[in-house]
Amino acid sequence: MPSQKVFNTKDDALYTASNGAPVKEPYAAERVGFNGPLLLQDFHHIDLLAHFDRERIPERVVHAKGAGAHGYFEVTHDISDLSCAAIFNKVGNRARATVRFSTVGGEAGSADTARDPRGFAVKIRTEEGNWDWVFNNTPVFFIRDPAKFPHFIHTQKRDPQTHLKDADMFWDYLSQNPESIHQVMILFSDRGTPDGFHNMHGYSGHTYKFVNKEGKWHYVQIHLIKDGGFKTFDNEQAGKLAGENPDYGIQSLFETIEAGKFPSWTVYVQTMTPEQAESFRYSVLDLTKIWPHKEFPMRPFGKFVLNENPSNYFAEVEQAAFSPSHMVPGVEPSADPVLQSRFFSYPDTHRHRLGTNYQQLPVNAPIVPIANFQRDGPMAFNNQASRPNYQSSISPLKYRAKTYNTSNHELWIGNSYTYLSEITELDFEQPRALYQKVMNDTDRAHLVHNIAVHLVGAKSAEVKARQLSVFAAVDQSFSDAVAKAIGAPTVKPLKVKPASEAIPFRHNIGKQ
Ligand code: HEM
């Protein structure tokens, strides 16, 4: 973190008012005589109260509870054939990084061990600007149509009338939007309750593109695999800790780093050529799906290490502002509609939460100089001095052209589809493999139990039956086991269109 030189952080610092003037007695307010009213001239006292009144900034609308730390990203393998990002130009290159881990649905004071996906947001300070990895700890997500995001989130938050979390809302939404099932099953496995923030993997979930200096591009997915493995709690351990130590995640991260046991991850990339994407069984733009490792092997390229605790939580974690749109040359977005919507949402919410000049806050400021035509606004600390605020002919800013040609992949599929949530049999294949092949008997028993203790809280028989029909579409025995555990009648699988009716994924290059 860049140091804030203006603040004296030494223990023997002299107490001052915010204008720097020494103050004789911090606990005294100036008043008229011994019993008279207070004086408006007492800048110190008024400023003290006025600042206190404004101490809170809005909490994040999602991912409000979190923990952060600093460390570095290091390139361990040459992937310059994939991306021309400057950070990849030499094995051994290192960049300082900041991470913020979070739960998603709860408020800023909620329990760290709640059943929830975990956010895994990393800001990598490269010589070509900041590259943010705004990832989760699950490889897939609940939606593939961004229009659903606010609705979906509302059902995980509090009921408008009772101000309570509501199992009916929760399952009502999920049962009506079965493309969520893959993520729901991961969430209700013990992976939904990780042991601390630093004992889990991180996944881009979305498809991005890496472009090399010849302009050749690949679709990519990035994975951070925790050295030492993904550690989880079972439902009962997590529930107990939520009561006993709701800040378990923050505390264990801080203490682990303080003890010098620096958490580390190996970073991998999966790659897919555009041609492969056209014959891939699923759409590369559908983040409810994973890319099988056998078909698309994991290629290691980096190491991510956390070795420094923040010295000030608010300045270095709460004010951190991540966005998937913070990318560097050599990394490009895919046309995933959810990713594209996120590009709008994050900077937009930062302007609201932190202010127009959020990129100038020390934790967000790039390590490279900024030169553009943005000026003024609240708290413009780096207002670019006397540089003209337009492209002047007298002292023009230089532009760096893109070193590669992207025109061959800026075209996209021609037909326009507005309904991205059409459900077909394709949506159940990977969840079925997860249940039948990846999970063992214990995993399956925990999954059923973890779902049952939540679903039983839904009052509506219709909602329960509908969610059971989604489970049945995955595997009838899975649904029946949940039905038995909640004392509900068994149901038949949800009827869905065959896989052959899924919208095919095709590029439009040369096809229009
Ligand atoms: C946080 C929106 C999907 C990962 C947030 C925030 C918003 C948001 C508004 C609060 C940011 C802040 O106040 O600083 C959305 C929208 C989505 C979406 C509109 C879909 C349309 C996703 C997905 C992932 C993800 C798919 C992961 C693959 C995160 C993470 C944070 C976050 C890690 C916390 C960042 C931090 O620690 O500051 N999201 N999100 N989100 N989101 Fe999303």
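The values are calculated or read from the model by the stated rules, or taken from the named source; none is laboratory data. This is a predicted model, so every value here is computed, not measured. Cβ: placed from backbone, ideal geometry, glycine included. Neighbour counts: every protein chain shown.
Checked against the criterion of being touching a residue at least 24 places away in the same chain (Cβ under 8 Å), in contact with a Leu (Cβ under 6 Å, 6 or more places away or on another chain) and among the hydrophobic types (A, V, I, L, M, F, W, C), the candidates PHE188, PHE233 yield just one match: PHE188.
Would you call LYS148 among the charged types (D, E, K, R), within 23 Å of GLY260 (Cα to Cα) and within 16 Å of the ligand (Cβ to nearest atom)? It is false that LYS148 is among the charged types (D, E, K, R), within 23 Å of GLY260 (Cα to Cα) and within 16 Å of the ligand (Cβ to nearest atom). Every condition in (1) among the small types (Gly, Ala, Ser); (2) modelled with pLDDT of 95 or more; (3) more than 25 Å from ARG96 (Cβ to Cβ); (4) surrounded by 19 or more Cβ atoms within 10 Å (Cβ to Cβ) is met by ALA277 except one, and the failing one is (2). If you check GLY302, GLY355, GLY377 for being outside the structural domain of PHE197 (by the TED database) and more than 25 Å from ARG400 (Cα to Cα), only one passes: GLY377.
Does at least one position in the range 122-130 carry a residue that is within 13 Å of the ligand (Cβ to nearest atom), under 28 Å from ILE186 (Cα atoms), in contact with a strand residue (DSSP E or B) (Cβ under 8 Å, 6 or more places away or on another chain) and in contact (Cβ under 8 Å) with a residue 24 or more places away in the chain? Among the residues of the range 122-130, at least one is within 13 Å of the ligand (Cβ to nearest atom), under 28 Å from ILE186 (Cα atoms), in contact with a strand residue (DSSP E or B) (Cβ under 8 Å, 6 or more places away or on another chain) and in contact (Cβ under 8 Å) with a residue 24 or more places away in the chain, which makes the answer yes. Restricting attention to the range 75-98, does a residue exist that is closer than 21 Å to LYS261 by Cβ, within 16 Å of the ligand (Cβ to nearest atom) and not in a loop (DSSP other than H, G, I, E, B)? Scanning the range 75-98, I find at least one residue that is closer than 21 Å to LYS261 by Cβ, within 16 Å of the ligand (Cβ to nearest atom) and not in a loop (DSSP other than H, G, I, E, B), so the answer is yes. When restricted to residues that are part of a loop (DSSP other than H, G, I, E, B) and over 16 Å from ALA502 (Cβ atoms), the range 263-301 contains 11. Taking the residues in the range 326-361 that are within 13 Å of the ligand (Cβ to nearest atom) and acidic (Asp, Glu) as candidates, determine which candidate is surrounded by the most Cβ atoms within 10 Å (Cβ to Cβ). Checking each candidate, the answer is ASP336. Annotation: of all residues in the range 205-231 being basic (Lys, Arg) and assigned to a loop (DSSP other than H, G, I, E, B), the one that is nearest to the ligand (Cβ to nearest atom) is LYS231.
Of all residue pairs spaced 6 or more apart or on separate chains, those with beta-carbon atoms under 8 Å, a first member in the range 346-362 that is in contact (Cβ under 8 Å) with a residue 60 or more places away in the chain and in a loop (DSSP other than H, G, I, E, B) and a second member that is among the polar types (S, T, N, Q) and more than 10 Å from the ligand (Cβ to nearest atom) are PRO362/GLN4. Restricted to helices (runs of 4 or more DSSP H) entirely inside the range 412-512, no element has at least 2 residues that are in contact with a Ser or Thr (Cβ under 8 Å, 6 or more places away or on another chain), in the same structural domain as GLU236 (by the TED database) and modelled with pLDDT under 95.
Filtering the range 47-64 to residues that are away from the ligand (no atom under 16 Å from the Cβ) and either surrounded by 15 or more Cβ atoms within 10 Å (Cβ to Cβ) or not hydrophobic (A, V, I, L, M, F, W, C) (or both) leaves ASP47, LEU48, HIS51, ASP53, ARG54, GLU55. When only residues in the range 369-394 that are of a type in the set (Gly, Ala, Ser) and within 20 Å of TYR358 (Cβ to Cβ) count, which is surrounded by the most Cβ atoms within 10 Å (Cβ to Cβ)? Here the residue is ALA380. Would you mind stating whether PHE170 is within 30 Å of ILE222 (Cβ to Cβ), part of a loop (DSSP other than H, G, I, E, B), touching a Ser or Thr at 6+ places or on another chain (Cβ under 6 Å) and in contact (Cβ under 8 Å) with a residue 24 or more places away in the chain? It is false that PHE170 is within 30 Å of ILE222 (Cβ to Cβ), part of a loop (DSSP other than H, G, I, E, B), touching a Ser or Thr at 6+ places or on another chain (Cβ under 6 Å) and in contact (Cβ under 8 Å) with a residue 24 or more places away in the chain.
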